[in-house]
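Rule-based calculations on the coordinates, nothing more; no lab input. Predicted model only: the values in this text are computed from it and were never measured. No Cβ is skipped: glycine too gets one built from the backbone with ideal geometry, and neighbour counts run over all protein chains shown.
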Amino acid sequence: MSSPASKQIDSATLWGGKISPLSISYGKLMMWFFLVSDALTFGGLLASLGFAKFSNPENIAAWPAGEQVFTHMPFLHGPDDVYPLLYVALMTFILIVSSVTMVLAVEAGHRMDKRGVIKWLTLTVVGGLIFLGSQVWEWSTFIAGPDGNLSTWNDNATLQHNVYGGEYEPIVDSHGHTIGTDVKSYGPTLYADFFFFITGFHGFHVFTGVLFNIIILLNVFKGTYEKRGHYEMVEKVGLYWHFIDLVWVFVFTFFYLV
Amino acid sequence: MVRDDIIEYSLDAHHSEEEGEKIRKKIWKVTAILSIITLVEVLVGAFYPKEVAGSAWEFIKWGYIILTVIKAGYIVMVFMHLGEERKTFKMMIIIPYIIFILYLIFHLSNEGISVGDTWNTFRH
């Protein structure tokens, strides 16, 4: 490989100053440090999810089974339309593919292939937007109900078959009259807290990642990196984008599989 | 004024057409591996869930976790090019993370189980 790290430099020169002993540029180094700290944040969140589950025996019993968390598909509202894991698997696949297009953009940048970078980076942005849209649909399906606050369609077949939903609790006034129904949506509240916080925090990372990718793409269009002589900026946002995929791999396992 | 505090080093952010060919081949290979692992996870999750698996569930659960770590390894080492960096840098990134995260997981699971036992004992 052409990576600078593969070059043989004797350690006296390497650690003697006037050269990066890690053969890595400042920007990339700092991006890596940031990603390590961000990975610790996500690691802490997922570990505390485990803590919450195992610290209360009632939680272990009430915690939904991974593959049952989300079993819906767009446009299919029938009572038999239960597809464990399928939708989330598609989301995962979209994110992996967008990670691949990103690494191809980085590779094209190394060859100073401006058209290649534009092509692959655009596809990465599109993949990120599709993932975000998918997550919006997933969330709105969770939140929406027949009388939900956020209704996506009227004949909501979703919550009736949702592990969190479909349980209607009558709202009773002080005279004992039933004045309406309330959808009890999310099973153990603690689980929903973790679910929405962690997938939301990841979704926010995807959102900022798409934003960064768009900014870099505009610069590529303008020819900023052509002028600079290298496409290292694409590599840096690439690191961030791969990190998002990396986090999703773990979120997928700990929310939807185990 | 000439500044002597700026460390100069080559970015080396270039490779040739032939090298690119090789790198692209590797990328597609890793893509296939990641897709296959995900497919296996999804198929097992969909057709062999916890209530069907019964006592085999513990193995499946750890299988998922191992597959996840393998996927993460491919993403970090190939897609993020950490595998091609200098060994010092690799260790700088990986070792602190592993130490901190194992520490955290150990304490949270340990405490979680202990708190759970306490609940069980004193609930009634």
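Below is a table of values for the structure above.
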quantity: Exercise: per-residue mean of other protein chain Cβ atoms within 10 Å, B:97-105; calculated: 4
quantity: Cα gyration tensor shape of segment A:1-146, rounded if a/c is under 1.5, else prolate or oblate by comparing a/b with b/c; calculated: oblate
quantity: Order of A:Trp15, B:Trp57 under a 10 Å beta carbon neighbour criterion, fewest first; calculated: A:Trp15, B:Trp57
quantity: Percent of C-alpha pairs per 10 Å bin, chain B, short to long; calculated: 9, 22, 27, 21, 12, 6, 3, 0
quantity: Footprinting exposure proxy for B:Thr88, B:Thr31, A:Thr41 (fewest neighbouring C-beta atoms within 10 Å first); calculated: A:Thr41, B:Thr88, B:Thr31
quantity: Cβ-based exposure ranking for B:Lys71, A:Lys236, in which fewest neighbours within 10 Å come first; calculated: A:Lys236, B:Lys71
quantity: Stokes-Einstein D in µm²/s, Kirkwood radius over Cα pairs - segment A:194-233 at 20 °C with 1.002 mPa s viscosity; calculated: 184 µm²/s
quantity: Shielding score for A:220-232, defined as the mean number of other chain Cβ atoms within 10 Å; calculated: 1
quantity: Distance from segment A:187-255 to segment B:38-110 (C-alpha centre basis), Å; calculated: 20 Å
quantity: Kyte-Doolittle mean at least -0.5, axial Cα span of 27 Å or more - DSSP H helices of chain B; calculated: B:17-47, B:87-122
quantity: Shielding by other protein chains, B:20-28, mean Cβ within 10 Å; calculated: 4
quantity: Taking the convex hull of Cα positions in segment B:22-80, its mean projected area over all directions (nm²); calculated: 4.0 nm²
